[in-house]
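Chemist: Just dropping this structure here.
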Amino acid sequence: MSPVDRVPVLRGRGEEERALRRLLDGASAGSGGALVLAGPPGMGKTALLDLAAASPGFRVLRVSGVEPESCLPYSGLHALLHPIAASVRLPDAQAGALAAALESGAATGGLALPAAVLGLLAAVAADRPVLACVDDADLLDPGSREVLSFAARRLSGKPVALVFAARSPGRDLAGLPVRVLEGLDAAAVRELAGDLAPGKVAEDLLAAVDQIARGNPLALAELIGALTPDQLAGLAAPPVAPPRDGRLWRAHADRLAALPARTRRLLLLVAADPGVEAEALIRAAHPACALTALEPAEHAGLLRCAGDRYDFPDPAVRAVAYHGASLL
């Protein structure tokens, strides 16, 4: 069993667990609501959804956004609602709108479809409370995200809880309560290291690992899981990047690969020289405009500008950008 699978509890997520507990208690009492868990990959959003889904007494519905279906209208609604879509009789207009969306991805316009989804969730929850978990909401098709956010804003007085996990809340989820997951503090990092490799990771090695992870639980788990016996014994240098076969490397590499080629070239310069001045990037991009070329990375949350200097907010992204670059 891998170290990632052995983590027995969530470390450093007490506030988020309490927020979920309040939401679920409210739904159990007949007045639910919604919550958005936001943060970069690896921060524990899915683990918190798993924790919520394990709560007794709820009918749990789940969907995860996936890139191949993000342009397929209402594919997200289909995945979430198909287990219950035929269990309730809705008003004719709503039933028709829901059937059109789930069967052919057709949009009828107006309030019929959002009202149908809200009515369906509320009706199913009449027997027992419903928890709907939407993971990777960023990758859900826009129509499904819009309809579910409509329902999420109208759950007061209904035994339904709707929890979204997303890298960024975005406009579609505006108006919903948000918990932004930050990196674990030093105490939680030590606790997690103790869970993953009891008594094996020295303080100085853990500090070096956390220079890359910055409190990201998945990064810590994968980095610690990949430590060699020589690294654990202090006989070899600590790692400088997440393991290439890990989930976090793949997630960051996919995000970087989605950027335009000219953006990736400039990001490599930033990765090689963190805090590089804008003037150097302008010279490197000439005759193109460096600021325009970097905009996709800034919009994706991969790069930040402080004054006239650029850097990666997440050291793990910088490590993937640098160590994953082609030598050709």
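Chemist: Quick one: dipole size for region 247-323, taken about the Cα centre, charges +1 on Lys/Arg Cβ and -1 on Asp/Glu Cβ, in debye to the nearest 20.
Modeler: Numbers: 10 positive and 9 negative charges, 71 e Å.
That gives a dipole near 340 debye.
Chemist: Now a separate question. Counting only helical runs of four or more DSSP H residues, what would the 222 nm mean residue ellipticity of the chain come to if each run contributes -39,500 (n - 2.57) and the total is spread over all its residues?
Modeler: On the way: 15 runs with 153 residues, N = 328.
Per the formula, -14000 deg cm²/dmol.
Chemist: Additional query: How far, in degrees from 0 to 90, does helix 261-272 lean away from the longest principal axis of the Cα atoms of the chain, to the nearest 10?
Modeler: Taking the Cα atoms of the chain, the angle to 261-272 is about 50 degrees.
Chemist: How big is the antiparallel share of DSSP beta bridges in the chain, given as a percent to the nearest 5?
Modeler: Just about 20 percent of them are antiparallel.
Chemist: Here is a follow-up. So who's got an amide H within less than 5 Å of the one on Asp136, skipping anything under 5 residues away but keeping other chains? H placed 1.01 Å off N, in plane.
Modeler: Under 5 Å from the amide H of Asp136 lie the amide H atoms of Gly65, Ala165, each far enough along the sequence or on another chain.
Chemist: Let me ask another. With +1 assigned to the C-beta of every Lys and Arg and -1 to the C-beta of every Asp and Glu, and no other charges, what is the dipole magnitude of the chain about the Cα centre in debye, to the nearest 20?
Modeler: It comes to approximately 560 debye.
Chemist: Among Ala116, Cys289, Gly105, whose Cα lies farthest out toward the positive end of the dipole of the chain, if unit charges sit on the beta carbon of Lys, Arg (+1) and Asp, Glu (-1)?
Modeler: The residue sitting farthest along the positive end of the dipole is Ala116.
Chemist: Hey, another quick one. Compute, for region 3-180, the length of the dipole vector about the Cα centre, with Cβ point charges of +1 (Lys, Arg) and -1 (Asp, Glu) only. Units Debye, rounded to 20.
Modeler: 600
Chemist: Towards the positive end of the charge dipole of region 229-280, with charges on Cβ (+1 Lys, Arg; -1 Asp, Glu), say which of Pro260, Val240, Ala278 has the farthest Cα.
Modeler: So the residue furthest toward the plus end is Pro260.
Chemist: On to the next question. Using Cα pairs under 8 angstrom and six or more residues apart, how large is the relative contact order of region 34-164, in percent?
Modeler: 38
Chemist: To continue, here is another question. Over the chain, with a Gaussian network built from C-alpha contacts below 10 Å, which listed residue (Thr292, Thr108, Thr46) shows the highest mean-square fluctuation?
Modeler: Ranking Thr292, Thr108, Thr46 by mean-square fluctuation puts Thr292 first.
Chemist: If I fit a long axis through the Cα atoms of helix 142-152 and take the longest principal axis of the Cα atoms of the chain, what angle between them do I get, 0 to 90°, rounded to 10?
Modeler: Approximately 60 degrees, to the nearest 10.
Chemist: Further question: At 7 Å along the Cα-to-beta-carbon direction for both Ile84 and Cys305, put a label point, then send me their distance in nm to one decimal.
Modeler: 4.6
Chemist: Which residues among region 152-188 fall inside the zone where the amide N is under 12 Å from a point 7 Å beyond the Cα of Ala29, along Cα→Cβ?
Modeler: 157
Chemist: Starting with the highest mean, order 50-62, 205-217, 260-272 by the number of other Cβ atoms within 10 Å, averaged over the residues of each peptide.
Modeler: Working: 50-62: 15.3, 205-217: 20.5, 260-272: 17.7.
Order by mean packing, descending: 205-217, 260-272, 50-62.
Chemist: So for region 44-181, Kirkwood radius off the Cα pairs, Stokes-Einstein at 4 °C and 1.567 mPa s: how many µm² s⁻¹?
Modeler: Values: Rh = 15.0 Å.
The diffusion coefficient I find is 86 µm²/s.
Chemist: Another question, if that's okay. Taking the DSSP beta bridges in region 3-180 as the whole, what percent of them are antiparallel, to the nearest 5?
Modeler: 0
Chemist: Shifting gears a bit: What is the chain by shape, rounded, prolate or oblate, if you read a ≥ b ≥ c off the alpha carbon gyration tensor as root eigenvalues and call it rounded for a/c under 1.5, prolate for a/b larger than b/c, and oblate otherwise? List each step's numbers first, then the result.
Modeler: On the way: a/c = 2.57, a/b = 1.49, b/c = 1.73.
Oblate, since a/c reaches 1.5 and b/c is not below a/b.
Chemist: Going by average Cβ density within 10 Å per residue, which order do the peptides 219-231, 294-306 take, highest to lowest? Display every interim value, and only then the final one.
Modeler: Numbers: 219-231: 20.7, 294-306: 16.5.
Answer by packing, highest mean first, reads 219-231, 294-306.
Chemist: Using only alpha carbon pairs under 8 Å that are at least six residues apart, calculate the relative contact order of the chain and give it in whole percent. All intermediate terms of the calculation are to be shown ahead of the outcome.
Modeler: Details: 525 pairs, mean separation 66.1, N = 328.
Result for the chain is 20 percent.
Chemist: To continue, here is another question. Take peptides 145-155, 174-184 and line them up by average Cβ neighbours within 10 Å, highest first, as a rough protection proxy.
Modeler: The packing order, highest mean first, is 145-155, 174-184.
Chemist: Then there is this: Amide H of Val36: which non-local residues (sequence gap of 5 or more, or other chain) have their own amide H closer than 5 Å, using H built in the peptide plane?
Modeler: Residues meeting the criterion, in which the H sits 1.01 Å from N, are Phe164, Val178, Arg179.
Chemist: Still on this model: Where does helix 14-28 land angle-wise versus the long Cα axis of the chain, in degrees 0 to 90, nearest 10?
Modeler: So the helix axis and the longest Cα principal axis differ by about 10 degrees.
Chemist: May I pose another question? Between Glu67 and Glu182, take the C-beta separation as r, use R0 = 35 Å, and let me know the FRET efficiency to the nearest 0.05.
Modeler: For Glu67 and Glu182, the calculated efficiency is 0.85.
Taken together, the values in this text are just the output of simple stated rules run on the coordinates, not laboratory data. Here the structure is a predicted model, which means the values were calculated and not measured. Backbone-built Cβ (ideal geometry, glycine too); neighbour counts: all protein chains shown.
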